[in-house]
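What follows is a single structure, written as structure tokens, with notes after it.
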Amino acid sequence: MRSLPAAPMTTLADIKKPVAREMREFEAYFNRTLQTDVPFFRIILNYILRRKGKQMRPLLVFLSAKLNGDITESAYVAASHIELLHTATLVHDDVVDDAVERRGLPSINALWNSKIAVLVGDYLLAQGLLISVEKKSYDMLEIVSGAVKEIIKGELLQLQKTRKLNISEEDYFRIITMKTAALISACTACGASAVTDDKAIIARMKLFGEYIGIAFQIKDDLLDYSGNGLTGKKEGNDIKEKKITLPLIHALREAGIIEKRRIIRTIRKKNKGRKDIREVIEFVRRHKGLEYAEAKMREYSDKALQILESYPESETRSALTEFVMFSTLRKK
């Protein structure tokens, strides 16, 4: 197993350098996809544009494209489709979770209402499909449509398992592969598909993205136990919402039957206080749940890095290596 550095070697801005021009051009390209002649709708779409995040997914599309060939308009189409899909899922997630904030700003459903938020999410999904059809990017349309299907299946499976609190490690990896890794693997597969028709290369890049996505989600679940105030959610938020993630799965597996039943009863409580949440966190720490999850995270990041090693050294390969490290060493 590789020994990753204790802190990220570079920032996200450094990782963008090989495709800095494309990322700048993409911003204007993407903005054009959200133009509308409906004034009220224009206000909402402009609000979405103002609160955009780090744009890690378009970045991954462009880096994956450049790793395998010369970037053309197809990469911009792919990045736009992915970003529209990602934004739509965030809007819909906020409705499902009844969330009032997203990235520190009011959610669409909080500012307007859930009905409008659902319609906005549907519009973004439709716009993504339309862009791919207009540009005849049918291979990418197939990749992204497959990702949408997996995301929805993952959400439903998680809801089913959360209700019963019976998530096994196998269930957990199946859920995060569908919910998180599906979209990231679509980024890398679409990036490759934008510059080559070689099915083997596209499949390899899809697997690369899947490994990144799994490692990324395990890191996200580990951050729920960090309490560093940088994650955008309170420590133990997953526990409060009865989400059984890998650190807790391992701890429950290691615990004795009496202790396990007590922790499950605590998690089932409707109104858990800070004392309850701290009890579960300490339980996970005591049974080495964090160490186990971190080892699994590194296992998948190593798999991603091994795929990159099949490519010749280049600025783009180095940036993608740093992307993998950034995903697993981030503090938020």
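The values are calculated or read from the model by the stated rules, or taken from the named source; none is laboratory data. Just so we're clear, the structure is a prediction, and the values are computed from it rather than from any experiment. Every residue, glycine as well, gets a Cβ built from its backbone with ideal geometry; the counts of neighbours run over all protein chains shown. To get the accessible areas, we keep the full protein, side chains included, count just its heavy atoms, and leave off ligands, DNA and RNA. Shrake-Rupley method; radii C 1.70, N 1.55, O 1.52, S 1.80 Å.
Filtering Ser145, Ser132 for residues that are under 23 Å from Leu159 (Cβ atoms) and polar (S, T, N, Q) leaves a single hit, Ser145.
Of everything in the stretch 234-256 that is small (Gly, Ala, Ser) and open to solvent by less than 10 Å² (accessible area, probe 1.4 Å), the residue that is farthest from Gln217 (Cα to Cα) is Ala251. In the stretch 17-50, which residue that is within 22 Å of the chain's Cα centre (by Cα) and aromatic (Phe, Trp, Tyr) is least open to solvent (accessible area, probe 1.4 Å)? Checking each candidate, the answer is Phe26. Annotation note: Cβ proximity below 6 Å between a residue of the stretch 42-65 that is of a type in the set (Gly, Ala, Ser) and a residue that is in a helix (DSSP H, G or I) (sequence gap 6+ or interchain) occurs for Ser64/Thr188; Ser64/Gly191; Ser64/Ala192; Ser64/Met205; Ala65/Ala75; Ala65/Gly191.
Conditions tested, residue by residue: (1) at pLDDT 90 or above; (2) within 21 Å of Lys260 (Cα to Cα); (3) hydroxyl-bearing (Ser, Thr, Tyr); (4) part of a helix (DSSP H, G or I).
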| position | (1), (2), (3), (4) |
| --- | --- |
| Leu141 | no, no, no, yes |
| Lys149 | yes, no, no, yes |
| Lys153 | yes, no, no, yes |
| Lys161 | no, yes, no, yes |
| Ile167 | no, yes, no, no |
| Met178 | yes, no, no, yes |
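Here Ile71 fulfils each of the conditions (1) surrounded by 13 or more Cβ atoms within 10 Å (Cβ to Cβ); (2) modelled with pLDDT under 90; (3) in a loop (DSSP other than H, G, I, E, B) apart from (2). Considered as a group, the residues in the stretch 173-201 that are aliphatic (A, V, I, L, M) and either closer than 25 Å to Ile244 by Cα or without any contact (Cβ under 8 Å) to a residue 40 or more places away in the chain (or both) include one that is most open to solvent (accessible area, probe 1.4 Å), and that residue is Ala200. No other residue among Lys115, Lys136 is open to solvent by 70 Å² or more (accessible area, probe 1.4 Å), over 25 Å from Tyr211 (Cβ atoms) and not in a helix (DSSP H, G or I) apart from Lys136. Among the residues making up the stretch 1-29, those that are at pLDDT 90 or above and either part of a loop (DSSP other than H, G, I, E, B) or among the small types (Gly, Ala, Ser) (or both) are Lys16, Ala20. Quick one: Gly53 ticks every box in (1) open to solvent by 20 Å² or more (accessible area, probe 1.4 Å); (2) assigned to a helix (DSSP H, G or I) except a single one, so which number is it? All conditions pass for Gly53, except number (2). Criterion first (part of a helix (DSSP H, G or I), at negative phi and charged (D, E, K, R)) does Lys66 satisfy it? Yes; evaluated as a whole, the condition is true for this residue. All but one of (1) under 20 Å from the mean Cα position of the chain (by Cα); (2) closer than 30 Å to Glu22 by Cβ; (3) without any contact (Cβ under 8 Å) to a residue 60 or more places away in the chain hold for Ala75, so report the exception by its number. It fails just one condition, (3).
From the residues in the stretch 202-216 that are hydrophobic (A, V, I, L, M, F, W, C) and closer than 17 Å to Arg317 by Cα, which one is surrounded by the fewest Cβ atoms within 10 Å (Cβ to Cβ)? Checked the stretch 202-216; the qualifying residue surrounded by the fewest Cβ atoms within 10 Å (Cβ to Cβ) is Leu207.
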